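As structure tokens, the structure follows; a few thoughts come after it.
The values are calculated or read from the model by the stated rules, or taken from the named source; none is laboratory data. Given the structure is predicted, the values throughout are model-derived calculations rather than measurements. Here the Cβ positions follow ideal geometry from the backbone for every residue, glycine too, while neighbour counts run over all protein chains shown. All accessible areas refer to the heavy atoms of the entire protein, side chains included, with ligands and DNA or RNA removed. Shrake-Rupley method; radii C 1.70, N 1.55, O 1.52, S 1.80 Å.
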Amino acid sequence: MTRTPKEVAATYFEAWKSKDFDTLASILHEDATFRGPLGTAANGAECVAGLKGMSEIVTDIDITHVFVDGPNVLTWFDLHTSIASPASTANWQRIEDGTIREIRVTFDPREITAAG
């Protein structure tokens with residue numbers, strides 16, 4: 001049974017928060033792409049590598065709301081890190097056939113980049 005886009009997005013955040021990178025890899029399409037203020041990724045393996053890197057400073061992901069429109073899931077959350085104050089973040093994902101195909105993230109990275 002294929003999971004709904006909302007379920008896949010929830011799995012993404014649960015796995016990232018718990019540093020379960022095998023589960024993350026299992027829900028990312030091999031050609032998944034990522035674009036955000038701190039980097040880009042051209043495939044699923046690069047997405048996992050980027051999330052591993054971010055997980056070194058992420059201390060919490062406090063989800064405020066999830067918006068679902070067909071295969072599109074937008075998650076609004078506060079990104080807590082060990083090096084900056086929480087950053088209000090929008091994460092859009094396009095999910096097809098139970099895997100994430102695209103991720104776009106936006107937040108103000110200035111405190112994080114200044115601390116890095």
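Some notes on this structure:
- Counting every pair of alpha carbons in the range 49-107, the share spaced more than 17 Å apart comes to 44 percent.
- Lys, Arg +1 and Asp, Glu -1 on Cβ, resulting dipole of the range 30-78 about Cα centre, debye, nearest 20: 100
- Accessible surface ranking that places the most exposed of 56, 111 first, with a 1.4 angstrom probe: 56, 111
- Rounded percent of accessible protein surface that carbon and sulfur make up, the chain, 1.4 Å probe: 51
- Shape category assigned to the range 1-57 from the gyration tensor of Cα positions, a/c cut at 1.5: oblate
- A simple count of charges around residue 87, restricted to other residues whose Cβ falls under 13 Å of its Cβ and scoring Lys, Arg +1 and Asp, Glu -1, yields -4.
- When only the Cβ of Lys, Arg, Asp and Glu is charged (+1, +1, -1, -1), the dipole of the chain relative to its Cα centre reaches about 140 debye.
- Residue with peak Gaussian network fluctuation, the chain [Cα springs, cutoff 10 Å], from 34, 67, 13: 67
- Å² per residue, accessible surface of the chain at 1.4 Å: 55
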